[in-house]
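Below: the structure, in structure tokens.
The values are calculated or read from the model by the stated rules, or taken from the named source; none is laboratory data. Owing to the predicted nature of the structure, the values given are computational and were not obtained by experimental measurement. Cβ placement follows ideal geometry from the backbone for every residue including glycine, while neighbour counts extend to all protein chains displayed. Areas reflect the complete protein model, heavy atoms only, side chains present, ligands, DNA and RNA absent. Shrake-Rupley method; radii C 1.70, N 1.55, O 1.52, S 1.80 Å.
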Amino acid sequence: MKVTPLAPHISKLADTLAPALIKIRHHLHQYPEPGRQEKETTAYLIHQLEPFNLQLTTHYVETGFWADLQIQPDAPFLALRCDIDALPIAEKNEIPYASKNEGVMHACGHDAHAAVLSGAAMVLSRLKSELTGNVRFIFQPAEEITPGGALDMIERGVLEGVEAILTLHSDPRIEVGKVGFKFGPFMASTDIFKIQIFGKGAHAANPHKSIDPIMIAAQLINSLHQVISREINPVTPAVITVTRILAGTTINVIPGEAEIWGTLRALDKSTRTFLQNRLREVTASLCEMHHAQSELTLDKGAPPVVNDDALCQIVRNATAEILGESHVKILVEPDMGAEDFAWYLQTVPGMIFRLGTKGRPGSEFELHHPNFDIDDRALAVGVKVFCMSVFKYFEGKEEPQSK
Ligand code: NI
């Protein structure tokens, strides 16, 4: 199949669709819903896709859904995935489409992701006769929650028949019109921990009668940071961050208990396991040394996101073909942020690309900032990259078969 003439055709369809996609994005932005509560969002997106004759799989109680564009029965699917949930952040933007749901905001661009994926579904439906393989569009809930909605979707069977998976994320550090690619390890694993230290309370003037959990907590925080600085190879990325410490009620009493919360990040499995083990060992031995008791709760989140290099190359080439080589931005550094897309990659190869969203004034704020917003020109760009990548993917599969 000749794919090359398709690029201008896809571009034209995506550009024509752009005003409708902006409307979808603004609607979602106005009515954001947090993870596992995306009922209106799900219904709205399904409604947008209804005219396109896709095969929908919905679950009545849960949020999220997937839509299949099936060309060949029994053939595997290439999946395109987006996330649809918002964050518990109060929006500070003064824009006509600002959030109407108090304290909830699309501050991570998932409104844009859902609009882009809807657009890709619409364009590919129109190009159905040109397609040689099946495409599944996944609208995933609860990406921002640990454990994330990817696991819910996998449990519901979203990966059945899927051969590979692609996704995107907005990036306010990349100019609109450009797309970022990182080959190999891209994003970190995430684990969250809570340590309870049980000491012995006493009058502040009698520290010798106490087992001071505040002093132990202080030492523990230092010791955990020393794991990074003295036990991890300096060229291996690893993070231990303590984000919350709770203890005491007043000035002249040593409390009986203290609590430390935090997160572990790593880019590979062995570093992740090492951090988990050292967290346990350092906590237990330091508390034992001071005759305190401790309890560690470790919730294991998503594994690292490791992009499949072959798929990354396909999407990178598709981007160069449809947008031009100068619109490809190769990212050198990984990101210690996490993404529950990693769960899909435990079963099928996949890749995530970064969609540049920085353009008009007001689109320069970081993800999760109460002023975060995107330059809407990014939507059509995302649609073009997704659609062209789908054709490139199937084109690559045809070649060895036609021998
Ligand atoms: Ni996000």
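Looking for something open to solvent by 70 Å² or more (accessible area, probe 1.4 Å), among the β-branched types (Val, Ile, Thr) and in contact (Cβ under 8 Å) with a residue 60 or more places away in the chain - is there at least one such residue anywhere in region 313-330?
Within region 313-330 (the criterion being open to solvent by 70 Å² or more (accessible area, probe 1.4 Å), among the β-branched types (Val, Ile, Thr) and in contact (Cβ under 8 Å) with a residue 60 or more places away in the chain), the answer is yes, since at least one residue qualifies.
Being assigned by TED's automatic domain parsing to the domain that holds residue 368, among the β-branched types (Val, Ile, Thr) and within 16 Å of the ligand (Cβ to nearest atom) narrows it down to one of 158, 116, so name that one.
116
Looking at 159, 224, which one is in a loop (DSSP other than H, G, I, E, B), in contact (Cβ under 8 Å) with a residue 12 or more places away in the chain and among the hydrophobic types (A, V, I, L, M, F, W, C)?
Within the list 159, 224, the selection yields 159.
Give the number of residues within region 119-154 that are within 11 Å of the ligand (Cβ to nearest atom) and open to solvent by 10 Å² or more (accessible area, probe 1.4 Å).
Summing the residues that are within 11 Å of the ligand (Cβ to nearest atom) and open to solvent by 10 Å² or more (accessible area, probe 1.4 Å) in region 119-154 gives 2.
Quick check, is residue 37 farther than 23 Å from residue 88 by Cα and either assigned by TED's automatic domain parsing to the domain that holds residue 127 or touching a helix residue (DSSP H, G or I) at 6+ places or on another chain (Cβ under 6 Å) (or both)?
Criteria not met by residue 37.
Tell me which residues, restricted to region 250-301, are under 27 Å from the mean Cα position of the chain (by Cα), open to solvent by less than 40 Å² (accessible area, probe 1.4 Å) and at pLDDT 95 or above.
260, 262, 263, 264, 266, 267, 271, 272, 275, 276, 279, 298
State which residue is farthest from the chain's Cα centre (by Cα) when the search covers only region 346-372 and only residues that are farther than 18 Å from residue 107 by Cβ and among the aliphatic types (A, V, I, L, M).
Out of the qualifying residues, it is 348.
Filter region 12-25 for residues that are touching a helix residue (DSSP H, G or I) at 6+ places or on another chain (Cβ under 8 Å) and either outside any helix (DSSP H, G or I) or farther than 11 Å from residue 118 by Cβ (or both) and give the result.
13, 14, 15, 18, 22, listed by residue number.
Kindly provide the set of residues from region 55-94 that are aliphatic (A, V, I, L, M) and either part of a strand (DSSP E or B) or not assigned by TED's automatic domain parsing to the domain that holds residue 111 (or both), ordered by number.
Those that are aliphatic (A, V, I, L, M) and either part of a strand (DSSP E or B) or not assigned by TED's automatic domain parsing to the domain that holds residue 111 (or both): 56, 67, 69, 78, 79, 80, 86, 87.
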